[in-house]
Amino acid sequence: MNVQEAVHRKRAVRQFADRPLADDDLAAILEAGRRAHSAKNRQRWSFILVRDRERLAQLATLGPWCGHVAGAAAAVALVTPDPRLPGAALSITWDLGGAAAQMMLVAWERGVGSCPATVYEAERARELLGYPDDQHCEFMLSFGYPADPDELTRPNREGGRRPTEELVHLEAW
Ligand SMILES: Cc1cc2nc3c(=O)[nH]c(=O)nc-3n(C[C@H](O)[C@H](O)[C@H](O)COP(=O)(O)O)c2cc1C
C-alpha cells in the first residue's frame, strides 16, 4: 500500500462490524494523529478515545449526522482550543484537519473504516466528555472494522469529486 493509492481509494465507512479494535490498530491510529504536522509545531489538540458502548450511543446524538458513531468500535473526539474565540488562529483547524486525515488514512491501511461526525451540540459534548471551558470539540471520528470490507474501497460515485480542471487554476485564478 502506498500513500497515493490510499488517498485515491479510501472511502468513508459508516457501518461497522460488532467487534472491538485490536490494540495495535488503535495505537497506530492515535500515533498517526500524534505525529501530524502543525503550525509552529504547536500541536494544539487532544484526542478523547471513547469505546464504552453507552457513551458512543450518547455521542451519536450530538448532531444530525452523528448516527454512525453509535455503531463504531471507537470514537475519537477531536478537542482544540476554541477556534471561535477572538484572536484564535485559523491554523488550529488546519492542523486538526491534518491530524484527522492521517488517523483515517492509517486506519484505512490497516483495514479499519472511519468517518468524521460534526458536533452541533457543543455544550452537551462538553458535559459528556468533560473537557475544560477553554477547549472545544467540533468534530469526532468513528473507527471500526467495516460491516462490509468492500466499503473501504467502494468505487467513487460518478461526480464524487470535482474535476481537476474545475478546481486547479494555472498561474492565477
Ligand atoms: C469536516 C467534515 C465533517 C463531516 N461530518 C460528517 C458527519 O457529521 N456525518 C457523516 O456521516 N459524515 C461526515 N463527514 C464525511 C463526509 O460526508 C465524507 O468525507 C464525504 O462525503 C466524502 O466521502 P468519501 O470519501 O467516501 O467519498 C464529514 C467530513 C468532513 C471532512
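What follows draws every value from the coordinates through simple rules; no lab data is involved. Keep in mind it's a predicted model, so treat the numbers as computed, not measured. Positions of Cβ are backbone-derived with ideal geometry, glycine not excepted, and every protein chain shown enters the neighbour counts.
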(message) At 7 Å along Cα-to-Cβ for each site, give me the label-to-label distance between E31 and R51 in nm.
(response) 1.7 nm
(request) Pop out the ³J(HN,Hα) list for the range 126-141 in order, Karplus 6.51 cos²θ - 1.76 cosθ + 1.60 with θ = phi - 60°, rounded to Hz; leave Gly and Pro as x. (result) 5, 4, 5, 9, x, 7, x, 4, 8, 10, 9, 10, 9, 9, 10, 10
(request) Starting at the first residue of the range 65-70, write each ³J(HN,Hα) from the Karplus equation 6.51 cos²θ - 1.76 cosθ + 1.60 with θ = phi - 60°, in whole Hz, x for Gly and Pro. (result) 10, 9, x, 5, 5, 4
(message) Of the candidates R44, R157, R126, which one comes out as most mobile in a Gaussian network treatment of the chain with C-alpha springs shorter than 10 Å?
(response) R157
(message) Going by amide H atoms built from the backbone, whose H comes under 5 Å of the H on F139, apart from near neighbours?
(response) L78, V119
(request) Can you find, among L30, G98, W65, the residue farthest towards the positive end of the dipole of the range 3-148? Put +1 on the C-beta of Lys and Arg, -1 on that of Asp and Glu. (result) G98
(message) Which order do the peptides 130-143, 107-120, 18-31 come out in when sorted by mean C-beta neighbours inside 10 angstrom, highest first?
(response) 107-120, 130-143, 18-31
(request) Please work out the C-alpha center-to-center distance from the range 95-117 to the range 10-79 and express it in whole Å. (result) 8 Å
(request) Could you check which residue among R42, R161, R53 shows the biggest mean-square fluctuation in a GNM of the chain with a 10 Å Cα cutoff? (result) R161
(message) On the Cα set of the chain, report Rg and Dmax in Å, please.
(response) 16.7, 52
(request) Mind telling me which of G98, G67, G160 comes out most flexible in a GNM of the chain, alpha-carbon contacts under 10 Å? (result) G160
(request) Rounded to whole Hz and in sequence order, give me ³J(HN,Hα) for the range 78-94 from the Karplus expression 6.51 cos²θ - 1.76 cosθ + 1.60, θ = phi - 60°, writing x for Gly and Pro. (result) 9, 10, 9, x, 4, x, 8, 5, x, x, 5, 7, 4, 5, 4, 6, 4
